[in-house]
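Quick notes on the structure that follows.
Each value in this text was obtained by applying a stated rule to the coordinates, not by laboratory testing. Just so you know, these numbers come straight off a predicted model, no measurement behind them. Cβ atoms come from the backbone with ideal geometry, glycine included; neighbour counts cover every protein chain shown.
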Amino acid sequence: MAKGIGKIISVTSSKGGVGKSTTVLNLAGIYSVFGKKVLIMDLDLYTGVIAACLDLKNKKDIFMMIDSMSNNRFTSLKDYVTPYNSKIDVLASPKDPRQALKVDSKYLPVIFDLAKKEYDVILIDTNHIMDEVNLLVLDNSYMSLFMITNDLMDLKNMKNIVSIFKDADKTNYLICLNYSCDIGKNYLSIFDMRNIIKANIDYTISSNFYIKNIDKYILDGEILTLNKGILKNYSKDINHLKLIADDLIDDKHEELD
């Protein structure tokens, strides 16, 4: 990958409710602290929550951008993103889920190329369905982070994805076990989970990072990894997330491309 070209990091899963969107936001906060210019793209087109979680009153979204492209009205990427702070911008999912059907995926690689010229890191939140949009995201990602939980159906779905990736010789993905979003499910050991998915689990997010009043931060539009209280009270977990963030953009992965 050429120097000065942004890296696309996608966060995805094989089922919903595993902490994808929260992880995207946490990583965005960490990369901004690293001094990176970050774009969050919400490509969970039907049920995207990024703008809502950040309490953004966005006037533009990815449907409007692609509609402009298809009708020769497109100007520049900055006219369709919404700033969160000086380091983080958001390209939101459609406000009306009916517009998700009208998002022509052939324009996504064009948007990715534009974003890589203007941002250091492009974080993509996805849905959990292997549709055309998700496949394009995975194909264009520098690295993909798959979130899983201690849930049998989740693990069986992840096993299928791992099998497909092995057949396709795809190696630029990492797997993160999230204990923080459903602390009641811990009946399978790490050894059992590795045997089920037939792959390594690269990272774990501890149940200690379960935040009971997380809705308060969402209502306030806060990113956890930028909140001083969270940074103080969950310093060990934040430091672990920083290691994950650093690994995802590490240049050693270029050898895998």
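Does residue 208 qualify as being under 20 Å from residue 238 (Cβ atoms) and in contact with a Gly (Cβ under 6 Å, 6 or more places away or on another chain)? Criteria not met by residue 208. Residues that are in contact with a helix residue (DSSP H, G or I) (Cβ under 7 Å, 6 or more places away or on another chain), in contact (Cβ under 8 Å) with a residue 40 or more places away in the chain, assigned to a strand (DSSP E or B) and within 15 Å of residue 26 (Cα to Cα) do occur in the stretch 147-161.
The residue list 169, 215 contains one member that is over 19 Å from the mean Cα position of the chain (by Cα), without any contact (Cβ under 8 Å) to a residue 24 or more places away in the chain and more than 20 Å from residue 29 (Cα to Cα), which is 169. Answer with yes or no whether residue 177 is without any contact (Cβ under 8 Å) to a residue 40 or more places away in the chain and either under 25 Å from residue 89 (Cα atoms) or part of a strand (DSSP E or B) (or both). Answer is yes for this residue. For the stretch 183-205, which positions are closer than 19 Å to residue 244 by Cβ and either surrounded by 14 or more Cβ atoms within 10 Å (Cβ to Cβ) or of a type in the set (Asp, Glu) (or both)? Result: 193, 194, 197, 199, 201, 202, 203, 204, 205.
Condition check ((1) free of Cβ contacts under 8 Å to residues at least 24 places away in the same chain; (2) part of a helix (DSSP H, G or I); (3) acidic (Asp, Glu)) across all residues:
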residue: 125; (1), (2), (3): no, no, yes
residue: 138; (1), (2), (3): no, yes, no
residue: 164; (1), (2), (3): yes, yes, no
residue: 194; (1), (2), (3): yes, yes, no
residue: 200; (1), (2), (3): no, no, no
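The number of residues in the stretch 49-91 being among the small types (Gly, Ala, Ser) and farther than 13 Å from residue 25 by Cα comes to 4.
Looking across the stretch 180-192, the residues that are in a loop (DSSP other than H, G, I, E, B) and of a type in the set (D, E, K, R) come down to 182, 185. Taking the condition out of contact with any Leu (no Cβ under 7 Å at 6 or more places or on another chain) and in contact (Cβ under 8 Å) with a residue 40 or more places away in the chain, does residue 119 pass? Criteria not met by residue 119. Of everything in the stretch 131-150 that is more than 15 Å from the chain's Cα centre (by Cα) and within 22 Å of residue 47 (Cα to Cα), the residue that is surrounded by the fewest Cβ atoms within 10 Å (Cβ to Cβ) is 132.
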